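Here is the structure we will look at, set down as C-alpha cells.
Just so it is clear, none of the values below were taken in a lab; they were calculated from the coordinates. All values derive from a computational prediction rather than experimental measurement. Because the Cβ atoms are built from the backbone with ideal geometry, glycine has one as well, and the counts that use them run over all protein chains shown.
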Amino acid sequence: MLKQVFISERNMMIAILINAIVIFLLYFPQIELGQPFLYKVLDIVDHVFIIVFLLEAIIKIMVFKPRKYFSDNWNIFDFIIVVVSLPSFINFLPAFSFIHTSSFKLLRLFRLTRLLRFLRFVPRMDSIVRGLGRALKASVFVFIALVFLNLMLALFTCHFYGKLVPEYFGDPLISSYYIFQMFTVEGWNEIPTLIAQTAQERGIAYSSIFAGATRFYFIIIVLTGGIFGMSLANAIFVDEMTSDNTQLVEDKMDLLQKQVAELKQIIENQNKKD
C-alpha cells in the first residue's frame with residue numbers, strides 16, 4: 001500500500017502542488033515577521049515534503065530498479081532536485097549552528113521546478129518540444145544579429161547622449177539595456193523628450209533642431225530593432241513552431257493528389273475498355 005502511494009503519479013503531483021503553495025507562503029514577510037509560529041510550521045512542512053520526495057525516489061528505485069528508473073528523464077530530473085534540496089536540513093542540526101544557513105533556503109526554490117512535471121499532461125508535448133528546438137535553431141542567427149545591432153546602437157547612443165542623460169546612456173551596459181527596451185517599443189517617446197528638455201535647459205544651440213534629430217534617431221532605432229528585427233525573429237520562431245502542422249497538411253495534400261491521380265487512371269482505363 002505504501003509503495004502504491006509513493007509511486008502514484010497523481011499523489012505525487014498533488015504533493016508537488018501543495019509544496020509549491022507552502023513555498024509561496026514562506027516568502028510573505030507578513031508571515032515571516034508577523035507570525036513566526038506559522039512561519040516555523042510552514043518551514044517544517046516544507047522539510048517534510050523533502051522527506052516525502054526522497055522516499056518517493058528511494059521506493060521507485062527499489063521497485064523499478066536503478067537502470068529502469070534512471071532511463072526516464074523525468075526521474076533523473078526529480079532525483080537531482082531532491083538531492084539538491086537535502087542540504088537545507090542543516091538548519092535543523094545543532095552541530096552546524098555555527099554555519100550561516102540562510103543561503104540554503106534558496107534551495108527550496110529549485111523544488112518549484114518540479115511543477116514542470118505538469119507539462120507531461122499537455123497534449124502533443126513531444127511535438128511542441130521538437131518544434132521549440134527547431135524554432136531556436138532557426139532563430140539563433142537573427143537573435144545574434146539583434147545582439148550586435150543592440151551593441152552597435154548602444155555605443156552610438158552612449159557617445160551622442162551619454163553626458164546629457166547618464167542615467168540612460170552613461171555607459172555601454174546601461175545604454176544596451178535601454179536600447180533593448182526600445183526594441184520592445186517601450187519608452188521610445190519619453191526618453192527623446194527628456195533628452196530634448198535637458199538640452200534646452202542646458203542652453204544647447206539649435207535645441208529645436210537637436211530635438212528633432214534626436215526623435216528621428218530614436219525612431220530609426222525602433223524601426224530597425226523593434227519593428228523589423230523583433231518581428232522577423234518572431235515570424236521565424238512561430239513559423240518553425242507550427243511547421244509540424246504545415247507538414248501534416250502537406251502530407252495529406254500529397255496523399256489526396258496521389259489518390260486523385262489513381263482514381264483518374266482507373267477511370268481512363270475503364271473508358272478504354274468500354
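Quick check: Cα centre of region 1-73 to Cα centre of region 179-227, how many Å?
52 Å
Can you tell which of LEU153, ALA211, ILE191 lies farthest toward the positive end of the dipole of region 126-241, using +1 and -1 charges on the Cβ of basic and acidic side chains (Lys, Arg; Asp, Glu)?
Positive-most Cα among the choices belongs to LEU153.
Please order HIS47, HIS159 by the number of other Cβ within 10 Å, starting at the fewest.
HIS159, HIS47
Over 21 Å, how big is the tail of the calculated P(r) for region 1-74, in percent of all Cα pairs?
39 percent
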